[in-house]
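The block underneath contains the structure these notes are about, expressed in structure tokens.
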Amino acid sequence: MKKRFAVVLLIFIFTSVQAQKNKFNLLIGTYTQSCDSKGIYVYDFNSKTGDFSFKNATEKVINPSYLAVSKDNNFVYSVNEFGAESTVSSFSYNSSSGKLDLINKQSSKGADPCYIINDDKNVIVANYSGGNISVFGKNSDGSLTKAKQVIQHYGKGINKQRQEGPHVHMVHFSPDKKFVLSNDLGNDKVYSYAYNPIAEHNVLELKDSISVRSGSGPRHLTFSKNGKFVYLLQELDGALTVFSYSNGTLTKIDETTILAKDFKGTFSSADIHISPDGKFLYASNRGEANNITIFKILKNGKLLLKGQSNTLGKGPRNFVIDPTGNFLLVAHQYTNDIVIFKRNKKTGSLTDTGKKIPLCSPVCLVFTKN
């Protein structure tokens, strides 16, 4: 009897541990003025089944359109995209309850922040309309200092509607954290900044910049899993450029497109991510396209087109692959939902699960530990 009980107990413990391995928190940033949104939402997500359940939400947080989580999982940092009055917020984060409590906020020092990253020392923000980068220090309680550095970009592009001035669209740490790369949609450049986390003022110092095709509008980039390649998605012409990367320097080696050969409609390239195993790259497109293009990553870093999937909604601005690689979730800004796709790890293909999270204007998805 005792042996049987012990076996049952072990099976129960093992099953519980395995179940916990499949559980993640899904943090969702939204726009809060076009429909009824509380700001940041936290859902439980099961990476084995694709099931989800509401866990918690903030109250009255304005347009938290991009989020970043601290390495220790104790804090969440958010932009508050609100024109000239934009701010950056710090929240304490209880991952088991999903509760977020505002600690403090600071002026973003540039209009319409659209991307945010952090490490142990700093929070770095890309201000789209301001055309600049702001760096904030972190205090021990997770709160933000006032901006300790603001870097202004200059220049414009040939697209008079979209490139009338600089528009910083992203900041991204290199894998070794020695550099921060920044895409500027307004002047068709990618900047490389040397990163000194403990500097009092000059945290970022320009090392290099590279121009891409005029009018292409670089939006988002991602690094290959081995850190040797960078993939850059251009919003205005659908180009996807492959660079080799070494010590803060980018060298172009190839270019393709996320547009289908026969596509004639409007489009607006959005987000780009690589699967956890490093084998496949995905890129989303909005406008009348509303799809995700799938590429296999070859050993030489170049890309092989594998197909396209309709995202089953409008405005797939942001998407995320869960840490196990089983599911890909697409946030639709205009149809107000997050569609959950099953991902084939061998082929990279996507299949609709029929599951979706209805939510006002979701535009940022981040997985954290439960």
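Quick look at the numbers
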quantity: Residue within segment 146-160 that is closer than 18 Å to R219 by Cα, touching a Pro at 6+ places or on another chain (Cβ under 8 Å) and among the aromatic types (F, W, Y) present; calculated: yes
quantity: Selection status of S224, under 17 Å from F173 (Cα atoms) and either over 18 Å from the mean Cα position of the chain (by Cα) or surrounded by fewer than 23 Cβ atoms within 10 Å (Cβ to Cβ) (or both); calculated: yes
quantity: Residue under evaluation V69, criteria (1) of a type in the set (V, I, T); (2) within 16 Å of the chain's Cα centre (by Cα); (3) buried (at least 22 other Cβ atoms within 10 Å of the Cβ), criterion not met; calculated: (3)
quantity: Enumeration of residues in segment 198-213 that are open to solvent by less than 70 Å² (accessible area, probe 1.4 Å) and farther than 13 Å from N183 by Cβ; calculated: A199, V203, L204, D208
quantity: Failed criterion for V363 (all others in (1) more than 29 Å from L298 (Cα to Cα); (2) surrounded by fewer than 19 Cβ atoms within 10 Å (Cβ to Cβ); (3) at pLDDT 95 or above hold); calculated: (2)
quantity: Single residue of segment 21-56 satisfying the filter (open to solvent by 20 Å² or more (accessible area, probe 1.4 Å) and among the hydrophobic types (A, V, I, L, M, F, W, C)) that is modelled with the lowest pLDDT; calculated: C35
quantity: Counted residues, segment 300-311 - those being in contact (Cβ under 8 Å) with a residue 60 or more places away in the chain and open to solvent by 70 Å² or more (accessible area, probe 1.4 Å); calculated: 1
quantity: Residue selected from segment 336-360 under the condition more than 21 Å from the chain's Cα centre (by Cα) and without any contact (Cβ under 8 Å) to a residue 24 or more places away in the chain, by the criterion surrounded by the most Cβ atoms within 10 Å (Cβ to Cβ); calculated: N344
quantity: Among residues of segment 61-116, those that are farther than 17 Å from T32 by Cα and among the charged types (D, E, K, R), counted; calculated: 6
quantity: Boolean, I297 is open to solvent by 10 Å² or more (accessible area, probe 1.4 Å) and more than 23 Å from L365 (Cα to Cα); calculated: yes
quantity: Lone unmet requirement of (1) at pLDDT below 95; (2) in contact with a Gly (Cβ under 6 Å, 6 or more places away or on another chain) for L259; calculated: (1)
quantity: Of all residues making up segment 128-146, the number that are surrounded by fewer than 21 Cβ atoms within 10 Å (Cβ to Cβ), in contact with a strand residue (DSSP E or B) (Cβ under 7 Å, 6 or more places away or on another chain) and over 16 Å from K71 (Cα atoms); calculated: 2
quantity: Criterion (open to solvent by 60 Å² or more (accessible area, probe 1.4 Å), acidic (D, E), more than 21 Å from G217 (Cβ to Cβ) and in contact (Cβ under 8 Å) with a residue 40 or more places away in the chain) met by exactly one of D277, D322; calculated: D277
quantity: Some residue of segment 244-267 being closer than 20 Å to C114 by Cα and within 19 Å of the chain's Cα centre (by Cα); calculated: no
quantity: Identity of the residue in segment 80-127, touching a strand residue (DSSP E or B) at 6+ places or on another chain (Cβ under 8 Å), open to solvent by 40 Å² or more (accessible area, probe 1.4 Å) and part of a loop (DSSP other than H, G, I, E, B), that ends up nearest to K369 (Cα to Cα); calculated: S97
quantity: Exclusive hit being within 24 Å of K146 (Cβ to Cβ) and either in contact with a His (Cβ under 8 Å, 6 or more places away or on another chain) or modelled with pLDDT of 95 or more (or both), set V190, V212, V203; calculated: V203
quantity: Residues that are surrounded by fewer than 16 Cβ atoms within 10 Å (Cβ to Cβ) and touching a strand residue (DSSP E or B) at 6+ places or on another chain (Cβ under 7 Å), drawn from segment 151-183; calculated: Q152, P175, K177, K178
quantity: All strands (runs of 3 or more DSSP E) inside segment 174-271 with 3 or more residues being more than 20 Å from N318 (Cβ to Cβ); calculated: 189-195, 204-211, 239-246, 249-257
quantity: Subset of segment 258-274 [surrounded by fewer than 18 Cβ atoms within 10 Å (Cβ to Cβ) and either closer than 16 Å to S216 by Cα or touching a Leu at 6+ places or on another chain (Cβ under 6 Å) (or both)]; calculated: T266
quantity: H153 vs. criteria over 22 Å from V242 (Cα atoms), modelled with pLDDT of 95 or more, touching a Gly at 6+ places or on another chain (Cβ under 6 Å) and of a type outside the set (D, E, K, R); calculated: yes
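The values are calculated or read from the model by the stated rules, or taken from the named source; none is laboratory data. Remember, predicted model here, so these are calculated numbers, not experimental data. Neighbour counts run over all protein chains shown; Cβ positions are idealised from the backbone, glycine included. When the accessible area is computed, the model is the full protein with side chains, heavy atoms only, and any ligands, DNA or RNA have been set aside. Shrake-Rupley method; radii C 1.70, N 1.55, O 1.52, S 1.80 Å.
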